[in-house]
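Okay, so here's the structure we're looking at.
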Amino acid sequence: MQVMVNSGKHVDTSMAFKTDIRSRVRNKLQRYEEHLTRVEIHLSDENALKSGPQDKRCKVEARMKGRDPMSVSFDACELQQAIDGAMNKLTSVLERNIGKNAKKWIH
């Protein structure tokens with residue numbers, strides 16, 4: 001599973017931060033790895049240089065083998081909270097999606 005981290009021009013992310021995100025994403029999605037080909041993380045600051053409530057956004061696009069990609073996003077005050085929220089949403093979506101398909105294959 002390939003994990004890509006992209007950030008907008010108003011989001012300051014170091015290589016170490018991106019490496020940490022990739023590692024955490026791989027750990028979080030480890031149980032779904034056989035179903036995924038690529039996960040793209042898009043980080044943005046919706047208000048650019050102005051501060052505001054919940055202006056940090058993390059959008060995650062997961063590409064499953066032989067299926068259409070799925071996408072979730074989460075807005076928060078801090079970038080790390082946005083990442084955690086988006087990953088929690090994605091795992092819920094994957095669990096529902098893979099679980100439904102597993103039932104179809106059994107019957």
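The values are calculated or read from the model by the stated rules, or taken from the named source; none is laboratory data. It should be emphasised that the depicted structure is a prediction, and the values quoted were computed from it without experimental measurement. Glycine also receives a Cβ, built like all others from the backbone with ideal geometry; neighbour counts cover every protein chain displayed. Only protein heavy atoms, including side chains, enter the accessible area calculation; ligands, DNA and RNA are left aside. Shrake-Rupley method; radii C 1.70, N 1.55, O 1.52, S 1.80 Å.
Computed values, structure above
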{"item": "Candidates ARG24, ARG38, filtered to the one that is part of a helix (DSSP H, G or I) and either of a type outside the set (Gly, Ala, Ser) or modelled with pLDDT of 90 or more (or both)", "result": "ARG24"}
{"item": "Number of the condition not met by THR13 [criteria: (1) among the polar types (S, T, N, Q); (2) modelled with pLDDT under 90; (3) part of a strand (DSSP E or B)]", "result": "(3)"}
{"item": "Only one of LYS56, LYS18, LYS89, LYS104 that is at pLDDT below 85 and on the phi < 0 side of the Ramachandran plot", "result": "LYS104"}
{"item": "Residues of segment 59-77 that turn out to be buried (at least 16 other Cβ atoms within 10 Å of the Cβ), touching a His at 6+ places or on another chain (Cβ under 7 Å) and either more than 16 Å from VAL11 (Cβ to Cβ) or modelled with pLDDT under 95 (or both), as a count", "result": "1"}
{"item": "Among (1) under 14 Å from LYS59 (Cα atoms); (2) open to solvent by 70 Å² or more (accessible area, probe 1.4 Å) - the single one VAL39 does not satisfy", "result": "(2)"}
{"item": "Sole residue being touching a residue at least 60 places away in the same chain (Cβ under 8 Å) and more than 22 Å from MET1 (Cα to Cα), chosen from LEU79, LEU29", "result": "LEU79"}
{"item": "GLN80 on the phi > 0 side of the Ramachandran plot and either under 8 Å from the mean Cα position of the chain (by Cα) or surrounded by fewer than 18 Cβ atoms within 10 Å (Cβ to Cβ) (or both)", "result": "no"}
